[in-house]
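See structure below.
The values are calculated or read from the model by the stated rules, or taken from the named source; none is laboratory data. Keep in mind that what you see is a predicted model, and the values were worked out from it rather than measured. Because the Cβ atoms are built from the backbone with ideal geometry, glycine has one as well, and the counts that use them run over all protein chains shown. To get the accessible areas, we keep the full protein, side chains included, count just its heavy atoms, and leave off ligands, DNA and RNA. Shrake-Rupley method; radii C 1.70, N 1.55, O 1.52, S 1.80 Å.
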Amino acid sequence: MRSYTAEPNLPSPGRTPHAPPQAALHRPGVGPGPGRERTPITAAATGARALQRLADHVNTHAHALLRMTVGLVFVGFGVLKLFPSASPAEQLAVDAATKMTLGLVPETVLLLSLAALETAIGIGLIIGRRLLLPALIAFFLHMGGVFSTLLLLPDAMWQPHSPAPTMEGQYVVKNVVLVAVCLVVAAHEWSGRTAREAGREGAG
């Protein structure tokens, strides 16, 4: 009688070894030991969470960020006008202000007044609170004077025989960005005041 010796570790003919499921390869406990690399999916999820936290933080403080950055720009431009020839827009501002005042105010006084006005607007925007409303009013009045240079000084603002602005004209036109930012800040401040007043009336 013949005897056969079975080898338990060998698969039966016609069958393949059973492979571990793919999910098991990605379980936290499976893989290299301590210090193993995170999977790409985990790293991407961590980055997405960090970006979301940053976006939430910026969104929460967006209006304060806009207000303070415009304020810093105005403080910087205003302080530059306190030093002779330090501001590239110095002569342009003086020429426009001279036309608006019909030449009745000395140029030095006009330049110092513009420097004080822009610095005060910047400080008011940065600090906010009770200074914000007067700073916004002064800002929009000042922007009216700034954009009037496009009409008061056409030779300096526009290229000859062309609707394209000169470098000085571009310097003025780009202020539309600051106007848009302060419109957003003013709208937010107005909405906040309206909500606070409605809350006080409801409480009373």
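Taking the condition assigned to a loop (DSSP other than H, G, I, E, B), open to solvent by less than 60 Å² (accessible area, probe 1.4 Å) and not charged (D, E, K, R), does Gly103 pass?
yes
Within region 158-196, track down each residue that is among the polar types (S, T, N, Q) and surrounded by fewer than 15 Cβ atoms within 10 Å (Cβ to Cβ).
The answer is Gln159, Ser162, Gln170, Asn175, Ser191, Thr194.
Any residue at all in region 9-27 that's within 30 Å of Val177 (Cα to Cα), open to solvent by less than 60 Å² (accessible area, probe 1.4 Å) and either at pLDDT 50 or above or not β-branched (Val, Ile, Thr) (or both)?
No; the residues of region 9-27 include none that is within 30 Å of Val177 (Cα to Cα), open to solvent by less than 60 Å² (accessible area, probe 1.4 Å) and either at pLDDT 50 or above or not β-branched (Val, Ile, Thr) (or both).
Enumerate the helices (runs of 4 or more DSSP H) found wholly within region 126-204, keeping only those where 2 or more residues are farther than 22 Å from Ala96 by Cβ and either at pLDDT 90 or above or of a type in the set (A, V, I, L, M) (or both).
Where helices (runs of 4 or more DSSP H) fall fully within region 126-204 and carry at least 2 residues being farther than 22 Å from Ala96 by Cβ and either at pLDDT 90 or above or of a type in the set (A, V, I, L, M) (or both), they are 132-152, 175-203.
Evaluate the following for Leu51: is it farther than 19 Å from Leu183 by Cα and open to solvent by less than 70 Å² (accessible area, probe 1.4 Å)?
Numbers: farther than 19 Å from Leu183 by Cα: yes; open to solvent by less than 70 Å² (accessible area, probe 1.4 Å): no.
Answer is no for this residue.
Quick one: which residue in Ala64, Ala86 is open to solvent by less than 90 Å² (accessible area, probe 1.4 Å) and outside any helix (DSSP H, G or I)?
Numbers: Ala64 fails: outside any helix (DSSP H, G or I).
Selected residue: Ala86, the only one of Ala64, Ala86 that is open to solvent by less than 90 Å² (accessible area, probe 1.4 Å) and outside any helix (DSSP H, G or I).
If you go through region 112-125 one residue at a time, do you hit one that is open to solvent by less than 60 Å² (accessible area, probe 1.4 Å), of a type outside the set (Gly, Ala, Ser), part of a helix (DSSP H, G or I) and touching an Asp or Glu at 6+ places or on another chain (Cβ under 6 Å)?
no
Taking only region 126-157 into account, find how many residues are more than 13 Å from Gly71 (Cα to Cα), β-branched (Val, Ile, Thr) and open to solvent by 80 Å² or more (accessible area, probe 1.4 Å).
Qualifying residue count for the region: 1.
Identify, by number, the condition in (1) modelled with pLDDT under 80; (2) within 22 Å of Ala156 (Cβ to Cβ); (3) open to solvent by less than 60 Å² (accessible area, probe 1.4 Å); (4) not basic (Lys, Arg) that Gly33 doesn't meet.
It is condition (2) that Gly33 fails.
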